[in-house]
Each structure stands twice: as structure tokens, then as C-alpha cells.
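S.K.: This is the structure, below, for whatever I ask next.
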2 protein chains.
Amino acid sequence: MALKLYGYWRSTASYRVRIALNLKQLEYEYVPIHLVNQGGEQHQQHYLQLNPAALVPTLADDDEDIILNQSLSIIEYLDERYDQGTRLLPCHTLEKARVRALAQDIACDIQPLGNLRVMQALETQFGVAKPEQLKWAAHWIHKGFSALEQRLATQSGNYCFDFAVSLADVCLVPQAYNAKRFGINLETYPQIHKVVSNCEQLEAFVAARPENQPDAPPGS
Amino acid sequence: MALKLYGYWRSTASYRVRIALNLKQLEYEYVPIHLVNQGGEQHQQHYLQLNPAALVPTLADDDEDIILNQSLSIIEYLDERYDQGTRLLPCHTLEKARVRALAQDIACDIQPLGNLRVMQALETQFGVAKPEQLKWAAHWIHKGFSALEQRLATQSGNYCFDFAVSLADVCLVPQAYNAKRFGINLETYPQIHKVVSNCEQLEAFVAARPENQPDAPPGS
């Protein structure tokens, strides 16, 4: 197969795909794309040919015959194509819809509002300084987590949806990592805190952590 | 079945689900949730019980036994559960991944950055005035459409993916409607313009248009 993941250690969308690859027990080559150095390697021609949106992650499969973008789509692709490891979506239509909705609560309503390019645009377009940028990101995480906490109260077991790890957990753990960076105390969200703590016991999640990637700066 | 859609005429996420319901030839009751009047009906207790994120749309199925949020998840649910009408996702794993990625290019990377609550937050948090808010939204649409245009150049036929209407078109048409509101000339994106023009020939897309909804103000 020869899978290759173009990502960045601290990108939460890349982090999702790393967790999924680990849960699926798929080996892959990791190709770091530094989002800050040299004005951002994602804007360089060789990367734009893979992903014209200049965003990470990008997945290559079949020795680069297949190039895919969008983390959620990549993860469902891996889950459908490869039988091995953890199944990341339930089989039943309604359960699948609930797992996808939890994942999209994070991937559509929280993550896009606090990522690097948005922070940079707040600064260049409106002169918003760093501390205010962080408050902006924290605002959307609080909003999203408050709603998610209520959904998990009726849907979670050990994990976001019932008692099996799923796509929803694969999205929640990176978002929780991000929340901590922005000074949010996860214990104010007991359901989220419970699920994240349970996931962090699993080797697939530990190996995917930003600080365990080859492109993480020493001591991060 | 008795399907009920809680939405808002001008919400592009609601618009997506309306198109999908029409393409699936599913009858439904439309329940308008006014996002502006009275401080926004989405914040009222009766709606928060259905959707604690205070966002539209919400779909109820089986006479309200099933309550679902997140437009993309709702649409895949409808497609999996109901055989009738247009099939909105291809069967093949790789093709499905490409259609989902195009949909998420819009639903994760464009739409979340220019919606009403973000505009309101720019104003309350940073005092950003209306004309600058519109420029902010247009900035992200241009960024997203530029990348999408390149993807469509290799993937589109009459529609976003090849020659069959799919989830990707269901997302693109509402985003194009939104782009026009923000003063973007679609003809600068020939691939997008072609696909949108083709979709707008179809009755399912026409019936779903914002101005054709019961909650649209007269003359809109």
C-alpha cells in the first residue's frame, strides 16, 4: 500500500489522521510540512500540487497514485478500505449519523475558527493582537464544548459514542489538546474530560500526540 | 416517516439539507427558526432541547423519535436510510472520499468562517464594522473557491464530481448563493460557475432556494 501522511505536528487535523492510522494499525511514512517556517511550506509549489488549498493534512495511498485531502474524508476512506484494526464508524445508519455529527461538531463548528490561518488573518486584517487572538479561539472552543458536553451526557460511555472508540474520539482528543494550549481547564467539562482521559490510555492516541512527532521542537 | 426540518431560509447549511431532501424525493415539514428576530429563536429553550449548539439545521425523523444535527451527517443519513430518488454519494470507496472531501472543502474550510455568529462576534469582540465583516467573509470564500476551482478542473463533469449530482453539489450551490450575497462574481471561477449553472436547472435545487421558503421576507 505505502501510505504517506503530509502533516504538521501541532495541526489538529493532522493529529486526527495520525490517531486513525494508528487505530487501523496501518504503517505510514510521515512527511512534515512546516506551517510557519519560510512563510509556511504549505504555500510551496511542490505541496500546492498535492493540495491547492495549502492546508494539511494530505494523504497519499498506493505509492502516490491516490492523493486525498480533508481529514474526515481521509479517515472514512481508511476505515472503508482497510479492514484491519479498530472499526472507526458503527455499521448501523443511525449510529453512524450520530458519530459523524459529533465529529462534525468539532471539525465544522470549533476547529476552523481557531486555526493558524484565522489567527493570522485577524492580525493582518483587523490588527488583533496575540492575547485577543487566543481569547477568540477560546471563545469558540467554550461554545462548542458546552454543546458537546450536553450531547455526550446522553451518548457517551467510556468514549464519545457508547463504549467503542470512533471517529468522534479521533476528533475530540486533538481538540482537547488545542483547548489546553488556549488555557481551557478540561475538568469544567466532565464528560469531555472522562472521554479524553480514557482515550489517552490507548497507545494509538499516545503515539499520535504532537510532542511525539519527528517535527516537534525539542522540549515541546 | 414524517420528516421535519428546522431551518432558516438564508442559512446555507439548512439550504443543503433542503436540496438533499428534494433530490431524495422526500416530503418534509419545514419549521422556520428565525436566527435574528427576538435575539435569535435558536437560543430559545424549546430549540436548545433539540440542538444545544443553537445552530440550524436540525432534522427530526420517525415523528421526532430521531433528532439529528450537522447538515453533512444528516444528508448521509438520508442517503443511507432512504433508497428513493438521487443517490448522493457514489458506491466506490475512493469516489466517495473525493465527493466527501469536496463537500468538506466547503463545510469545514469556507462556510464556518463567514456565517452569522462569526460576523456578530467580529463586531462584539473587535468592533469590526459591517463592510469589513463582508470583506472578511469574501476573503475566505475567494480562498476556498480558488482551491476548489483547481480541484474541479480535474474532477468535474457536468457536476462537481463527474456527471452525477452528489453531496458536493448540494454544498456548492448554497455556498455560491452566499458568495453572490458578498459581491463575488462567480464567472471568475469558470468551473464553479458551470457546475452551479447546471445544478440550477434542476427542480430540486430551485425549490430549495432561500427566496422560495415560507420564512423568506417578501421580495427577497
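Nothing in this text is a laboratory measurement; each read-out follows from the coordinates by a stated rule. Since we're looking at a predicted model, the values are computed, not measured. Neighbour counts run over all protein chains shown; Cβ positions are idealised from the backbone, glycine included.
S.K.: Where the label is 7 Å out from Cα toward Cβ, how close does residue B:185 come to the same position in every other copy, in nm, shortest first?
M.R.: Taking the point 7 Å beyond Cα along Cα→Cβ, the inter-copy spacings are 5.5 nm.
S.K.: Here is a follow-up. Over the whole of A:128-135, what's the average partner chain Cβ count within 10 Å per residue? Rounded to a whole number, please.
M.R.: Mean shielding count: 1.
S.K.: Quick one: label points 7 angstrom along Cα→Cβ at residue B:150, distances to the other copies in nm, smallest first?
M.R.: Label-point distances to the other copies, shortest first: 4.1 nm.
S.K.: Considering the rotational relationship between chains B and A, which residue of chain B contributes the beta-carbon of minimal distance to the axis, and what is that distance to the nearest Å?
M.R.: Closest to the axis: B:112, 2.
S.K.: So, one more: So how much slack lies between residue A:187 and residue A:220, counting 0.36 nm per residue of separation and subtracting their Cα-Cα distance, in nm?
M.R.: Difference between extended and current length: 9.6 nm.
S.K.: Roughly how many whole Å is it from the C-alpha centroid of the stretch B:168-194 to that of the stretch B:1-55?
M.R.: A separation of 22 Å, based on Cα centres.
S.K.: Provide the FRET efficiency to the nearest 0.05 for the residue A:197-residue A:87 pair, computing r from the beta carbons and using R0 = 25 Å.
M.R.: 0.65
S.K.: When each pair of different Cα atoms in the protein assembly as shown is counted once in the 1/r mean, what is the Kirkwood radius in angstroms, to one decimal?
M.R.: Taking the inverse mean of 1/r over all distinct Cα pairs, the protein assembly as shown comes out at 22.0 Å.
S.K.: Further, regarding this structure: Longest segment of chain B with no GluC sites (Glu not before Pro) in a DSSP loop having at most 12 other Cβ atoms within 10 Å?
M.R.: Counting at most 12 other Cβ atoms within 10 Å as exposed, the longest clean stretch of chain B is B:65-220.
S.K.: Suppose each label sits 7 Å from its Cα in the direction of the beta carbon; what would the residue B:146-residue A:25 distance come out to in nanometres?
M.R.: With each label point 7 Å from Cα toward Cβ, the separation is 4.5 nm.
S.K.: For residue B:94, place a label point 7 Å from Cα along the Cα-to-Cβ direction in every copy; what are the distances to the other copies, in nm, shortest first?
M.R.: 3.6
S.K.: I need the Debye-formula profile for the stretch B:152-206: one equal scatterer per C-alpha, no solvent, reported as log10 I(q)/I(0) at q = 0.18, 0.23, 0.27 1/Å, two decimals.
M.R.: Once normalised to I(0) and log-transformed, intensities are -0.53, -0.85, -1.13.
S.K.: Hey, any idea what the orientation-averaged projected area of the convex hull of the stretch B:93-205's Cα atoms comes to, in nm²?
M.R.: Hull-based average projected area comes out at 7.2 nm².
S.K.: Here is a follow-up. Please identify the helices of chain A, taking whole runs of DSSP H, that span at least 18 Å along their own axis as judged from the Cα atoms and have a mean Kyte-Doolittle score of 0.0 or higher.
M.R.: A:167-181
S.K.: If I take the Cα coordinates of chain B and project them onto the principal axes, what are the three extents in Å, biggest first?
M.R.: Answer, in whole Å and largest first: 45, 44, 33 Å.
S.K.: Considering chain B as a Gaussian network with a 10 Å cut-off on Cα pairs, which listed residue, B:194, B:24, B:143, attains the greatest mean-square fluctuation?
M.R.: In the Gaussian network model the winner is B:143.
S.K.: Multiply the residue gap between residue B:126 and residue B:38 by 0.36 nm, knock off their C-alpha separation, and tell me the result in nm, one decimal place.
M.R.: Roughly 29.3 nm would be gained on extension.
S.K.: While we're on this one: Just round it to a whole percent: the fraction of Cα-Cα distances in the stretch A:3-86 exceeding 20 Å.
M.R.: Value for the stretch A:3-86: 26 percent of Cα pairs lie more than 20 Å apart.
S.K.: Connecting C-alpha atoms closer than 10 Å in a GNM of chain A, tell me which of A:171, A:160, A:108 has the biggest fluctuation.
M.R.: So, out of A:171, A:160, A:108, the one fluctuating most is A:108.
S.K.: Let me check I've understood the local charge: for residue A:187, count other residues with C-beta under 13 angstrom from its C-beta, Lys and Arg +1, Asp and Glu -1. What total comes out?
M.R.: Once all neighbours under 13 Å are counted, the net charge is +1.
S.K.: Relative contact order for chain A: what is it in percent, counting Cα pairs under 8 Å that are at least 6 residues apart?
M.R.: Relative contact order for chain A comes out at 24 percent.
S.K.: Okay, moving on. Determine the calculated [θ] at 222 nm for chain A from helices alone, applying -39500 (n - 2.57) to every DSSP H run no shorter than 4 residues and normalising by the residue count; nearest 500 deg cm²/dmol.
M.R.: Taking each H run of at least 4 residues, the total per residue is -16000 deg cm²/dmol.
S.K.: Here is a further query. Taking only Cα atoms and a 10 Å spring cutoff, compute GNM fluctuations for chain B and point out the largest among B:48, B:68, B:59.
M.R.: Looking only at B:48, B:68, B:59, the largest GNM fluctuation is found for B:48.
S.K.: Could you check the spin-label model distance between residue B:164 and residue B:212? Points 7 Å from the Cα along Cα→Cβ, value in nm.
M.R.: 2.3
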